[in-house]
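The values are calculated or read from the model by the stated rules, or taken from the named source; none is laboratory data. Keep in mind that this is a model prediction, so the values were computed, not measured. So basically every Cβ, Gly included, is an ideal-geometry build from the backbone, and we count neighbours across all protein chains shown. Quick note on the areas: whole protein, heavy atoms, side chains included, nothing else; ligands and nucleic acids left out. Shrake-Rupley method; radii C 1.70, N 1.55, O 1.52, S 1.80 Å.
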Amino acid sequence: MTLPDLDALDFDKGGGLLPAVVQDVHTGAVLMLGYMNREALAATRARRRVVFWSRSKQRLWEKGETSGNHLELVDLVADCDRDTLLVLADPHGPACHLGTRTCFGEGPQSRVEPLGFLARLESVIAQRAAQTPEQSYTARLIAEGPRRLAQKVGEEGVEVALAGVGGSDAEVLSESADLLFHLLVLLRSRGLRLDQVVSELASRHRP
Ligand SMILES: [Zn+2]
């Protein structure tokens, strides 16, 4: 974690408070905006949960203290002027007190955000992989060994190809989803992650 030096932050500009933008570390969604004074920032670091200074309550307020929907701290950085914080968090439950995923509503905020679900799916696959083959399809696939898994990826790849030639768009989408899922399971079975695949792709397209 790259925690900014408390003394280097400019609390004076905002009367002792820094705006803190909270972003979902998995999806990149902007969840909410809160304010932190020195105390709130120190508490956030110590508790590993996001703690704000509530301007309405005039006290420290740990997000989720009554609802249970807390924000687990993953990383925290200051901006170029050192007067605004960006908090990366793992949200436990809806971020907004109105019950929506973010304080800016329910829907995705960017075209990139739905792709963030792949990271979420990856962690679900990791959880399933730890279950018994009787409990989970994913665990069963992995237990059957690399040959079976490779065969599944091959089959799904062929199904995407066939849909691509003569199928409807709905079939292409559905088969592509199957392929992606099985590819993620294959990666998981070898201890590899999707972001490593994306880095490989990115390295090929550097100008
Ligand atoms: Zn809200």
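Descriptive notes on the structure:
- Karplus-derived HN-Hα couplings along region 191-207 (A = 6.51, B = -1.76, C = 1.60, θ = phi - 60°), whole Hz, x at Gly and Pro: x, 9, 10, 4, 5, 5, 5, 5, 4, 4, 4, 4, 5, 7, 10, 5, x
- Centre separation in Å (Cα based) which lies between region 138-200 and region 3-66: 41
- Computed [θ] at 222 nm, helices only, for the chain once each DSSP H run of length n ≥ 4 contributes -39500 (n - 2.57): -13000 deg cm²/dmol
- Protein accessible area in region 143-207, 1.4 Å probe - carbon and sulfur %: 58
- For the chain, averaging the sequence separation of C-alpha pairs within contact (under 8 Å, six or more residues apart) and dividing by the residue count gives a relative contact order of 16 percent.
- Here the calculated FRET efficiency for N69 and S168, from their Cβ-Cβ distance with R0 = 30 Å, stands at 0.15, rounded to the nearest 0.05.
- Using alpha-carbon coordinates, inclination of helix 146-166 to the longest axis of the chain, degrees: 80
- Inverting the pair-averaged 1/r between distinct Cα atoms of region 110-178 gives 13.7 Å as its Kirkwood hydrodynamic radius.
- Residues K57, K63, K13, ordered by accessible area of protein heavy atoms at a 1.4 angstrom probe radius and largest first, appear as K13, K57, K63.
- The convex hull of the Cα atoms of region 1-57, projected and averaged over all directions, covers 4.5 nm².
- Exposure check, 1.4 Å probe, all protein chains in place: L9 carries approximately 10 Å² of accessible surface.
- Under a model in which nothing but the beta-carbon of Lys, Arg (+1) and Asp, Glu (-1) is charged, the chain shows a dipole of about 500 debye around its Cα centre.
- Where Rh is the Kirkwood radius over Cα pairs, Rg/Rh for the chain: 1.08
- Estimated D of region 72-157 in µm² per second, where Rh is the Kirkwood radius over Cα pairs and Stokes-Einstein applies at 20 °C, 1.002 mPa s: 130
- Interchain or long-range residues, amide H under 5 Å from N37's placed H: L18, W53
- Per-atom-type breakdown for region 89-134 gives carbon and sulfur 62% of the accessible area (1.4 Å probe, protein chains only).
- Computed from Cα atoms, the angle from the helix 116-129 axis to the main principal axis of the chain rounds to 70 degrees.
- For region 1-83, carbon and sulfur atoms together expose 48% of the accessible surface, with a 1.4 angstrom probe and every protein chain in place.
- Per residue accessible area in Å² of the chain, where ligands, DNA and RNA are left out and the probe is 1.4 Å: 59
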